[in-house]
Amino acid sequence: MPAPLPFDPIAEAQRQWRRHWGEDATPSMAAVTSIMRVHQLVMARLNDELKPWELTFARYEALMLLFFSRTGSLPLGKMGARLQVHPTSVTNLIDGLERLGYATRGPHPSDRRTTLASITDRGRVVADEATEALNAMHFGTGRLRSDDLDALTGLLRSMRVEAGDFEGG
């Protein structure tokens, strides 16, 4: 992580934005830029915390999807839909989990066209250990209180609903 800046770059961007494009566009730019920067910071914290298990947060999410599935297995296509990623990304995630011994890949028992990913016993242990570590650090959210986190989740959910991120929003 680079050294902290001696000033808030988003506040400076707001000042410049306001001067060039006026007050109306400035709050949206500042909010989105803040979201993107916080995303970078949180992902860095999470990935750092997951290093002992050689996981990235993306691999952790895929592992947890298998962990929570009823049978410990899911078709790769269903995983892609639930993780909202391209099929190639699911393949890469499962490749990584397989190399680590946390998941396996095999044929679906009743559909030859479908490949299943399955969590291994080692994957279950790692899922538990990694989740304990992430819970202990509040998933990188720092000092935010529960009511702040709930408010933030609600605000972001509204944006997700408007974007059509899921049905029944």
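The values are calculated or read from the model by the stated rules, or taken from the named source; none is laboratory data. Quick caveat: nothing in here was measured; it's all calculated off a predicted structure. Positions of Cβ are backbone-derived with ideal geometry, glycine not excepted, and every protein chain shown enters the neighbour counts. When the accessible area is computed, the model is the full protein with side chains, heavy atoms only, and any ligands, DNA or RNA have been set aside. Shrake-Rupley method; radii C 1.70, N 1.55, O 1.52, S 1.80 Å.
For segment 1-44, what does the alpha-carbon gyration tensor say about shape, rounded, prolate or oblate, given a ≥ b ≥ c as the root eigenvalues, a/c under 1.5 as rounded, and a/b over b/c as prolate? Here segment 1-44 falls in the oblate category. Under the simplified labelling scheme, the L152-N135 pair shows an inter-label distance of 2.0 nm, with each label point 7 Å from Cα along Cα→Cβ. Here segment 1-58 and segment 70-88 have alpha carbon centers that stand 29 Å from each other.
Placing +1 on the Cβ of every Lys and Arg and -1 on the Cβ of every Asp and Glu, with no other charges, gives segment 12-56 a dipole of roughly 160 debye about its Cα centre.
Of I35, I119, I94, the residue with the greatest mean-square motion in the GNM of the chain, using alpha carbon springs below 10 Å, is I35.
Here segment 38-168 exposes an accessible surface that is 52 percent carbon and sulfur, computed with a 1.4 Å probe and the other protein chains kept in place.
Spherically averaged projected area of the convex hull of Cα atoms, segment 111-169: 7.2 nm².
Dipole magnitude for segment 1-97: about 200 debye, using +1 per Lys or Arg Cβ and -1 per Asp or Glu Cβ, origin at the Cα centre. Label-to-label distance, A81 versus R143, with points set 7 angstrom from Cα along the beta-carbon direction: 4.4 nm.
Can you give me the orientation-averaged projected area of the convex hull built on the Cα atoms of the chain, in nm²? Hull-based average projected area comes out at 13.3 nm². In segment 67-118, the convex hull through the Cα atoms has an average projected area of 3.5 nm², a quarter of its surface area.
A 1.4 Å probe run over the chain, with the rest of the protein chains in place, finds 68 Å² accessible per residue.
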